[in-house]
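Contents: one structure, followed by commentary.
The values are calculated or read from the model by the stated rules, or taken from the named source; none is laboratory data. Treat the numbers as computed from the prediction; the structure is a model and nothing was measured. Backbone-built Cβ (ideal geometry, glycine too); neighbour counts: all protein chains shown.
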Amino acid sequence: MNSISLPVKNLLRRPGRTMALTLLTAFLALAVFGGSVVVLSLRSGLNSLEARLGADIILVPSEAQSKVSFQNMFLQGTTGAFYMDAAVLDKALEVEGVEKAAPQTFLASLKADCCSIKIQVIGIDPQRDFTVQPWIARSLTGALGDMDVAVGCKVEADVGEIIRIYEQRCKVVARLEATGTGLDTAVYCNMNTMNALLQAAEAMGVSHRIESGDQVISAVYVKVKDGYDIGAVNSRLNGHIRKVTAVRTRSMITGVSDSLAGVSRTVTILIAAVWVLAFIILLLAFALIIRERKREFAVLRLAGASRGMLSRMVLLESAMCGLLGGLAGVGLAALFLFPFARLIESALKLPYLMPRTGTVLLLAAGTVLLSALVAALSSVIAAFRLSRVDPGIALREGN
Amino acid sequence: MLMKAENISKRYLRKTGGANYFLAVKPLNLELSAGETVVLMGRSGSGKTTLLNMLCGLLSPTEGEVWFNDTSLYRLDDQALSCLRSERIAAVPQGRSAIDTLTVLENILLPAKLYGRSLPVSDARQWMERLDIAHLGDARPAELSGGELRRVAIVRALTQSPDFLFADEPTSDLDDENTRLVLSTLRDYAHERNRAVFIVTHESEAMAYADRSFRMDGGQLIPAADMKGAAPA
């Protein structure tokens, strides 16, 4: 029983007091850890969306913007399709300032007997693609073969499984890493597969194609050369290609980014408010507890404890409460955050991608340490005042 | 081995009333030597406890010095004074002085444990036996009567095996039989181990156990007659 074991005994033998202080710090840790994980997840989601879109400009048929919301397609995985002539790709490449251009073709499957699941199918040209292909390459060595599909992490199909899309049997060859966006609910295939699927859909009377010739695409992703102004290239594309609208991806993300900033600000203010409140409550709690324990500390002084020993004991005791509270708060937050991540994502309607395990663990450790530190700090004043009291006077006052 | 109070006084700030300060202990000199039991009596508020606290290093005097052999107690830094108190000077304060979260035995061994010294468990058990609380080692202070708690505080002080033992009202809450037991134990400790015991009390019976006695009146220390040899066996 020295300056370490005495605080431990005090905590164990005063369970009510310990529980109350622990709950207070748990509340603090819950807010800090929970809030930080949500904000980080939103940031990773946005970064991931930016990376997946990967282009500076997207070309879509002019009427497409009225047909579906791009934002909903990318963020929430809303299915949709629109088509234009594949020649748009070559026209885009003619425009000055365009470094790369890659086509994508969309097809929405049905929730019907012909299809295993209702999903967005995206056809890509592996030779030209610079947006989705690098992401697919992380999960699949080699190219996507004909009638092969790579599925987003939220599509309920395992590698090796056969899924039916408009009665066509497609083999799942890869499951992709999470992006935290609507892209996680899509299925990716090469253009041959996409053409086969489009024909099958047409044969079933599901009219996806418009009167635009044999070869159709839904969008062209454009990368602008270094040194060129994206806005200027965007204008040139709009002027050069008829019936097509060039949309800057930044403008698509700006709305998301603004919402994210709003959510981040709210969460940060909430965390700060909880901090201040918890700190004040802890400050008062420790002041009251130490006043109540004045005689106990006087007895310790009587037994030979120095002021330094007493201060260390008080700080250690409060830090231990903070540590316990921190662990409880982080545990409690984890119980809600991880199992209900999808629920949070759909409630926020924003890209939401959990940070890596290492980051989460670091954040958890940081929160626990912070809780211990805040608890210890809130008892510093009380500990200092206590150590200044003459034990003779404290013994009298405590009687 | 000597403890010497040199011209010490204690002045307190008075928070209410007319004068700003009042002198709880007027300047006084006192020497305590090894092997003697000194008893201090006086009315409530006469300054007895203040004097005891100053002598045992718990309350710094407003003026004057308290010497422990050649060391001036209040010139030591807090760490050194605390360590000295833990090893050489023990005090039994008024009222409850047990920590509720510790058992009786843990309370008794507290001074040694604070400094990581070897635990004088057999000494503690002997003193507990002598003061008839041997059966209470594992009990919690909340389960004890006032008299038992007094004896726990006395056993803690005795177990420290101090050169100087200061006891403030050690017989309050005790019945006659236990009062005699405590007083004779303290006197024997001083005599048999050649240590000094200083007792502050209202109990007139304590005078019979004193080698020297004093009376405190209005903060002034007044020597009483030499009582040596008058104590019962």
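Below are the figures for this structure:
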read-out: Answer residue from the stretch B:53-76, given it is at the interface with chain A (Cβ under 10 Å from one of its Cβ atoms) and in contact with a Leu (Cβ under 6 Å, 6 or more places away or on another chain) and is farthest from A:ALA394 (Cα to Cα) among those; value: B:GLY57
read-out: Residue within the stretch A:289-297 that is in contact with a helix residue (DSSP H, G or I) (Cβ under 9 Å, 6 or more places away or on another chain), more than 14 Å from chain B (Cβ to nearest Cβ) and either touching a residue at least 60 places away in the same chain (Cβ under 8 Å) or in a helix (DSSP H, G or I) (or both) present; value: yes
read-out: Test: residue in the stretch A:71-79 that is of a type in the set (Val, Ile, Thr) and at pLDDT 75 or above; value: no
read-out: Some residue of the stretch A:214-221 being at pLDDT 85 or above, over 12 Å from A:TYR83 (Cα atoms) and either touching a Phe, Trp or Tyr at 6+ places or on another chain (Cβ under 7 Å) or outside the structural domain of A:LEU260 (by TED's automatic domain parsing) (or both); value: yes
read-out: Condition check for A:GLY308: closer than 24 Å to A:VAL8 by Cβ and away from chain B (no Cβ under 14 Å); value: no
read-out: Residue list for the stretch B:82-95, filter: of a type outside the set (Val, Ile, Thr) and more than 7 Å from every other protein chain (Cβ to nearest Cβ); value: B:LEU84, B:GLU87, B:ARG88, B:ALA90
read-out: Qualifying residue in the stretch B:75-83 (condition: closer than 18 Å to B:LEU165 by Cα, touching a residue at least 24 places away in the same chain (Cβ under 8 Å) and surrounded by 14 or more Cβ atoms within 10 Å (Cβ to Cβ)); value: yes
read-out: Close pairs from the stretch A:134-148: first assigned by TED's automatic domain parsing to the domain that holds A:THR179 and surrounded by 13 or more Cβ atoms within 10 Å (Cβ to Cβ), partner among the acidic types (Asp, Glu) and in a loop (DSSP other than H, G, I, E, B), Cβ under 9 Å, at least 6 apart; value: A:TRP135/A:GLU177; A:ILE136/A:ASP129; A:SER139/A:GLU177
read-out: Flag if B:GLN79 is more than 18 Å from B:GLY219 (Cβ to Cβ), within 13 Å of chain A (Cβ to nearest Cβ), over 18 Å from the mean Cα position of the chain (by Cα) and assigned to a helix (DSSP H, G or I); value: yes
read-out: Single residue of A:ALA92, A:ALA101 found to be modelled with pLDDT of 80 or more, assigned to a helix (DSSP H, G or I), out of contact with any Asp or Glu (no Cβ under 6 Å at 6 or more places or on another chain) and surrounded by 23 or more Cβ atoms within 10 Å (Cβ to Cβ); value: A:ALA92
read-out: Which numbered condition B:ARG125 misses (of (1) more than 11 Å from every other protein chain (Cβ to nearest Cβ); (2) farther than 19 Å from B:GLY147 by Cβ; (3) not in a helix (DSSP H, G or I)); value: (3)
read-out: Enumeration of residues in the stretch B:23-52 that are buried (at least 16 other Cβ atoms within 10 Å of the Cβ) and within 14 Å of another protein chain (Cβ to nearest Cβ); value: B:ALA24, B:VAL25, B:GLY47, B:LYS48, B:THR49, B:THR50, B:LEU51, B:LEU52
read-out: Selection from the stretch B:88-122 of residues that are within 20 Å of B:ALA5 (Cα to Cα) and assigned to a helix (DSSP H, G or I); value: B:ARG88
read-out: Only listed residue being assigned to a helix (DSSP H, G or I), surrounded by 17 or more Cβ atoms within 10 Å (Cβ to Cβ) and modelled with pLDDT under 90, chosen from A:ALA376, A:ALA347; value: A:ALA376
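Yes/no matrix, rows are residues, columns are (1) out of contact with any helix residue (DSSP H, G or I) (no Cβ under 7 Å at 6 or more places or on another chain); (2) modelled with pLDDT under 85:
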position	(1), (2)
A:ALA334	yes, no
A:MET354	no, yes
A:GLY366	yes, no
A:ARG385	yes, yes
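Per-residue answers, yes or no, for (1) more than 30 Å from A:LEU46 (Cα to Cα); (2) touching a residue at least 24 places away in the same chain (Cβ under 8 Å); (3) surrounded by 18 or more Cβ atoms within 10 Å (Cβ to Cβ):
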{"residue": "A:GLU156", "(1), (2), (3)": "no, yes, no"}
{"residue": "A:GLY160", "(1), (2), (3)": "yes, no, no"}
{"residue": "A:TYR166", "(1), (2), (3)": "yes, yes, yes"}
{"residue": "A:ARG169", "(1), (2), (3)": "yes, no, no"}
{"residue": "A:GLU177", "(1), (2), (3)": "no, yes, no"}
{"residue": "A:GLY182", "(1), (2), (3)": "no, yes, yes"}
{"residue": "A:VAL187", "(1), (2), (3)": "no, yes, yes"}
{"residue": "A:GLN199", "(1), (2), (3)": "yes, no, no"}
{"residue": "A:GLU202", "(1), (2), (3)": "yes, no, no"}
